[in-house]
Amino acid sequence: MVRVRTATPEDVSAISEITVRGWQVAFRGLFPDEYLDALDPRDRDAAFAERLKNGLLHYAAVALEDEVVGFVGLRPPDDEGLDPIRVHEIWGLYVEPELIGTGVGRVLMDHALAHLRTGSWEQAILWTLKDVDRTCRFYEAAGWYRDGEEKVWEIPEGNPVTLVRYTFDLISGTVDESDPTTNEREPGDLANEKAHEPHAEVPKPSGLHWTARDSSFPSSILPKVRMMKGVDIFSSCG
């Protein structure tokens, strides 16, 4: 089964590996192969540990004996002109690549938005690569909209890519209003998610807090979950 819980220091290593595998899968063709192939998850452990310590890593999706298969992180925005009392940012949303389309990314996002709705924030923002169409379609289908802001990002130096900013209205936007302290929901409540994740290839459970039985995942995925490190949806590239 898969569930969402608060991230812990013990998750840092897996989170670093998920992030690196995610870059290597999602950014292939956008960044130089030699740059992506040289990425080392251990180089990110200290930064993720610091983010967790400072409250910037919030939730992890776990499966099969507490194996981490995704995570989401939140932080105050550093964009000029945004009031951090009113606006908060999803800085990263990563899921194992072979779990694309199973709903894990959507559940993590809904979990984060429900968390933000318990505070004073009125809007959520995120940055994502303009040229990754699947990611943009995912957010747009879930109620996010481009607010017109763009910026150029050079990773590595000399390889410019364009980021676009998306906004979600926490007051008027639609998101599951379940108690964000509840960690599980039966899969029977999560059917018919196809409308929210375009171009996915398998049935998609939905909802804020959920437990998916093994039958919710393609049989080809289950034996591999413990070894998979990658990305589904990424909000920004931090």
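Nothing in this text is a laboratory measurement; each read-out follows from the coordinates by a stated rule. Please read all numbers here as calculations on a predicted model, not as lab measurements. For neighbour counting, all protein chains shown are included, and Cβ atoms are generated from backbone atoms with ideal geometry for every residue, glycine included.
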### Query
Does the range 81-89 contain at least one residue that is in contact with a helix residue (DSSP H, G or I) (Cβ under 7 Å, 6 or more places away or on another chain) and under 16 Å from Ser16 (Cβ atoms)?
no
## Note on the structure
Contact list, first residue from the range 97-121 and within 14 Å of Ala142 (Cβ to Cβ), second anywhere and in a helix (DSSP H, G or I) and not hydrophobic (A, V, I, L, M, F, W, C), beta-carbon distance below 9 Å, six or more apart or interchain, is Gly103/His196; Gly103/Ser216; Arg106/His196; Met109/Tyr139
### Unmet criterion (only one of (1) surrounded by fewer than 23 Cβ atoms within 10 Å (Cβ to Cβ); (2) touching a residue at least 60 places away in the same chain (Cβ under 8 Å)) for Phe71
(1)
### Exclusive hit being touching a Lys or Arg at 6+ places or on another chain (Cβ under 7 Å), touching a residue at least 24 places away in the same chain (Cβ under 8 Å), aliphatic (A, V, I, L, M) and crowded, with 17+ Cβ neighbours inside 10 Å, set Ile90, Ile18
Ile18
#### Entry: Any hit, the range 4-12, residues being more than 14 Å from the chain's Cα centre (by Cα) and within 24 Å of Asn159 (Cβ to Cβ)
no
